[in-house]
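K.L.:
Take a look at the following structure, please.
The values are calculated or read from the model by the stated rules, or taken from the named source; none is laboratory data. Everything quoted here is computed from the prediction, not taken from an experiment. In this analysis, Cβ positions are derived from the backbone assuming ideal geometry, glycine residues included, and neighbour counts consider all displayed protein chains. The protein model used for the area step is the full one, side chains on, heavy atoms only, and it has no ligands, DNA or RNA in it. Shrake-Rupley method; radii C 1.70, N 1.55, O 1.52, S 1.80 Å.
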Amino acid sequence: MNTTPDTLAPQKRLTSDAMSASLAREGQRVTAAPLGHALVELARRDERVVGLSADLAKYTDLHILRDAMPDRFYQVGMAEQALLGMAAGLAMEGFVPFASTYSVFATRRAYDFLCLDIAEADLNVNMVCALPGLTTGYGPSHQATEDVAILRGMPNLTIVDPCDAVDIEQAVPQLAAHDGPTYTRILRGKVPRVLDEYDYTFELGKAKMIRDGAEVLLISTGLMTERALEAARELEADKVDVAVLHVPTLKPLDEDTILRELARDRLVLTCENHTIIGGLFDAVAHAAIRDGIFRQITPIGLPDEFLDAGALPTLNDRYGVSTAKIVEKIKDLLHPRRTERVD
Amino acid sequence: MPETTEPDPVETERLQRLKEAAFRIRTNALVQAEVQGQGYIGQALDIADVLAVLYADQLNLRPEDPEWEGRDRCLLSIGHYAIALYAALAEARFFPLEELQTYATDDSRLPMSAMASYTPGVEISGGSLGHGLTIANGVALGLKRKSNPAFVYNILSDGELNEGSTWEAAAVAAHHRLDNLIAIVDFNDQQADGKSSQMLGMDPVEAKFESFGWIARRVDGNDITAVLTALEELRSLEAGRPRCLIADTKLGKGVDFLEDREKLHFMSVAPEEWTMAHDRLKETSQS
């Protein structure tokens, strides 16, 4: 970073406003705190449902449940191991806990508790964790860029990376109904509504084709599906026909659907808000190889680096996960193909 | 009429019954250890008196229905004490005594480290230390939500107190006023690398728990009368606070040549020593 006096002169900079929570762009349709509201609705119907947080209720949208139904919420303070152990104990007594903290703390700090007390015991504990991947500019202490890589090897655990408020609202009751542990990468605050423009419903364990396309297949998860859809629309203007397959459940992976789509002759990319190590790209490549599909698959995702601090739009461009960078990448990949066709 | 100093015959019978249970738990532990030729026999012998008070007196259980909703939940954090827990569960008839012969063998329901899914009466999978008290908090809260008057016991070790998560859990238990929770610390001054006091001294443990908002008592954990009196008192208090019993115990208790042997976390016993161990245990118990 250049810190010479010249650059300290007043100028338009992206500031902390752009670093903070809301992912929504101005004018975009949004829902406030979809996790919190979905949980209140579920808790009213199902008395087994309780919420817990480790001093981050307000920052994971669980404050909505806390304030609406205070007797259904437990605060454990800044103690993530105690949070997950308590959630396990409540589940042993027949309750359905939703435990919230940031993804970095649930995975890095409390892994042993998640693994042994919850996953090994195969309890119905639902971890709902905020700030997945690059959704904060606070740097590596808060950016869970490798949480899926950490967790994919954990038996029994279902891993969900929702795209938007629609996914979150529809996932919450399904997470509770699923008789086993789940980990969901929650989007908080004003969360965009994207998928209700399509013929789509969230089904735990299922990948869904959001839009079909003959030339390019984007296999996408989490918030990257919104960008993949935007990229597809932009490329449509250039007469490039792009399909977007949304994979909100990363484990167990809907291999049947993914392999069926991989069988068609298209340029294939994966899109994930996660390091390209150990996430969607690896999971798709693993499934393809095991099934004997030898096809080039290009990953779009975060690099194998500790990311910089800064404003999200800057960082999204820097690391190649903005809509513009997705479009650029696809055009780069398509160009030699088109040249061949002309020849 | 002069005041009588005669002991209450009912209490005398109760203590005698518990002493006999402790003897059988120790015998059951030796039986299992002999299958492997080694193991956590020192710990099993030291905690037998506490387990006798729990499984033959204090815990409200139905061995024929291990998941009975009204049962007291006894969570063993220290998975390697499985040999002791199996000895107590067999004494309480959760499974046949003969099954002790399968301890830590292939396909046994009695693995070396206790796991909930394997054994009737085992509530949690311990072994990674510092977990039990965090889970006990959730169980205690869950029981309160259900207005279930059962108690939750968590058996920890002094070494386990090294784990920071135990203290996270201790703070959470006090904050949530979990007065249906009783932690029992087996303080045998022994952990994997040597004497606990030389690894990471945790004393004064009683004061630590009290400063976290708990009610704490410390007794000779091999004195059945003292353990029984303390656990009864801790259960009867209505103070809105979690309770802790620190039980000072002696590794190898009841088999004198094991008590005197170099203190080891994982003890080896020579093949010819098993008969002698049973004999010495009988003699000690009768003295």
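K.L.:
Taking into account only those residues within region A:104-136 that are small (Gly, Ala, Ser) and buried (at least 23 other Cβ atoms within 10 Å of the Cβ), which is farthest from the chain's Cα centre (by Cα)?
P.N.:
Of everything passing the filter in region A:104-136, A:110 is farthest from the chain's Cα centre (by Cα).
K.L.:
Suppose we filter B:193, B:189 for residues that are in contact with a Lys or Arg (Cβ under 6 Å, 6 or more places away or on another chain), more than 14 Å from chain A (Cβ to nearest Cβ) and of a type in the set (Asp, Glu); which single one remains?
P.N.:
B:189
K.L.:
Going by the conditions given, is residue A:167 part of a helix (DSSP H, G or I) and within 14 Å of chain B (Cβ to nearest Cβ)?
P.N.:
Answer is no for this residue.
K.L.:
Additional query: Within region A:92-110, work out how many residues are touching a strand residue (DSSP E or B) at 6+ places or on another chain (Cβ under 6 Å) and at the interface with chain B (Cβ under 9 Å from one of its Cβ atoms).
P.N.:
2
K.L.:
Tell me the residue from A:277, A:293 that is in contact with a helix residue (DSSP H, G or I) (Cβ under 7 Å, 6 or more places away or on another chain), open to solvent by 60 Å² or more (accessible area, probe 1.4 Å), among the β-branched types (Val, Ile, Thr) and more than 30 Å from residue A:13 (Cβ to Cβ), please.
P.N.:
Step by step, each of A:277, A:293 is checked, and only A:277 is in contact with a helix residue (DSSP H, G or I) (Cβ under 7 Å, 6 or more places away or on another chain), open to solvent by 60 Å² or more (accessible area, probe 1.4 Å), among the β-branched types (Val, Ile, Thr) and more than 30 Å from residue A:13 (Cβ to Cβ).
K.L.:
So which residues in region B:83-116 are open to solvent by less than 10 Å² (accessible area, probe 1.4 Å), over 13 Å from residue B:25 (Cβ atoms) and not aromatic (Phe, Trp, Tyr)?
P.N.:
Those that are open to solvent by less than 10 Å² (accessible area, probe 1.4 Å), over 13 Å from residue B:25 (Cβ atoms) and not aromatic (Phe, Trp, Tyr): B:110, B:114.
K.L.:
Another question, if that's okay. Within region B:162-186, which residues are crowded, with 24+ Cβ neighbours inside 10 Å, more than 14 Å from every other protein chain (Cβ to nearest Cβ) and more than 16 Å from residue B:43 (Cα to Cα)?
P.N.:
Once the filter is applied, which keeps residues that are crowded, with 24+ Cβ neighbours inside 10 Å, more than 14 Å from every other protein chain (Cβ to nearest Cβ) and more than 16 Å from residue B:43 (Cα to Cα), region B:162-186 yields only B:182.
K.L.:
Just need a number here: residues in region B:115-150 that are more than 8 Å from chain A (Cβ to nearest Cβ), modelled with pLDDT of 95 or more and in contact with a strand residue (DSSP E or B) (Cβ under 6 Å, 6 or more places away or on another chain).
P.N.:
1
K.L.:
Considering each of A:77, A:153, A:139, A:133 in turn, give the residue that is more than 27 Å from residue B:71 (Cβ to Cβ) and without any contact (Cβ under 8 Å) to a residue 12 or more places away in the chain.
P.N.:
Criteria check complete, one pass: A:153.
K.L.:
Does residue B:157 count as free of Cβ contacts under 8 Å to residues at least 40 places away in the same chain, buried (at least 18 other Cβ atoms within 10 Å of the Cβ) and on the phi < 0 side of the Ramachandran plot?
P.N.:
For residue B:157, the condition - free of Cβ contacts under 8 Å to residues at least 40 places away in the same chain, buried (at least 18 other Cβ atoms within 10 Å of the Cβ) and on the phi < 0 side of the Ramachandran plot - is not met.
K.L.:
Does residue B:21 satisfy the condition of being at negative phi, free of Cβ contacts under 8 Å to residues at least 40 places away in the same chain and either of a type in the set (A, V, I, L, M) or in contact with a strand residue (DSSP E or B) (Cβ under 7 Å, 6 or more places away or on another chain) (or both)?
P.N.:
Spelling it out, it is not the case that residue B:21 is at negative phi, free of Cβ contacts under 8 Å to residues at least 40 places away in the same chain and either of a type in the set (A, V, I, L, M) or in contact with a strand residue (DSSP E or B) (Cβ under 7 Å, 6 or more places away or on another chain) (or both).
K.L.:
Looking at region B:117-154, which of its residues are outside any helix (DSSP H, G or I), open to solvent by less than 30 Å² (accessible area, probe 1.4 Å) and farther than 17 Å from residue B:51 by Cβ?
P.N.:
B:125, B:130, B:131, B:148, B:150
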